[in-house]
1. For residue 126, what charge total do you get from the other residues with a beta carbon under 9 Å from its beta carbon, if Lys and Arg give +1 and Asp and Glu give -1?
2. Near residue 125, which lysines are there with a Cα under 24 Å away, not counting those fewer than 8 places off in the same chain?
3. At 0.36 nm per residue, minus the direct Cα-Cα distance, what do residue 118 and residue 182 gain on full extension? Give it in nm, one decimal, please.
4. Suppose the chain between residue 139 and residue 81 were pulled fully straight at 0.36 nm per residue; how much longer would it get relative to their current alpha carbon spacing?
5. With r as the distance between the Cβ atoms of residue 190 and residue 104 and R0 = 25 Å, compute the FRET efficiency 1/(1 + (r/R0)^6) and round to 0.05.
Amino acid sequence: MWFAGPARRRPLQGRPAALRLGFTLSRGMKVGLYGGSFNPAHEGHAHVAETARKRLGLDRVIWLVSPQNPLKSADELESLAKRMAGVRRFARGRAMVVSDAETALGSTYTLDTLRGLKARFPGVKFVWIMGADSLAGFHRWRGWTQIMKGAPVAVISRPWISLKSRFSPAAQRFSKTRRPASAARILARTTPPAWIFLTGPLNFQSSTALRGRMRRGRS
């Protein structure tokens, strides 16, 4: 079980529901939500999560391992248990939480997951975390405008796609609500819509490349 944080924070009510999610949170905490298939997880994912944690000053980063990404084929998708085990290899430290909350909540879409967690943990300051590759296709997500209006969003630079992502439909639609990188520490407490693009050292690993190498190794 994950503890609720510093003693000065009052734990939230609704503890049985929280226990089913595999973690508890306290009012006032700044928590990043990092969703994905993680098929498989790799150092690039860890780079995104750790960059967000440090730059945004987050108390927790919850890796939400999706049972099935609606935009991706299930043909090459490993089991949820195997993908969660893979994530645990990279989600290092007490601040990193690995969760199948989407399965527990019965949600298929990010918008439903975000709404479900906000309802269960009122007073927690959630930030949605994504790599720049996700921002490039964010306009294809169900309810993407509501997601932007539901929580601040932190976008972390990724190789080859960062420039393209900053001119994506989502970036252009919400261009007036983009905050400077210098505002990273206060993003979680900023009223949405608000988003930030954080650059830094790039990690070139990708799930697609790793799956390709694994297929070649089995052939």
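Computed from the coordinates by the stated procedures, all read-outs in this text should not be read as laboratory data. None of these values were measured; they are calculated from a predicted model. Cβ placement follows ideal geometry from the backbone for every residue including glycine, while neighbour counts extend to all protein chains displayed.
1. It works out to a net charge of +3.
2. In chain and number order, the partners are 30, 54, 149, 176.
3. So the extension gain works out to 20.4 nm.
4. 18.0 nm
5. With R0 = 25 Å, the Cβ-Cβ based efficiency is 0.30.
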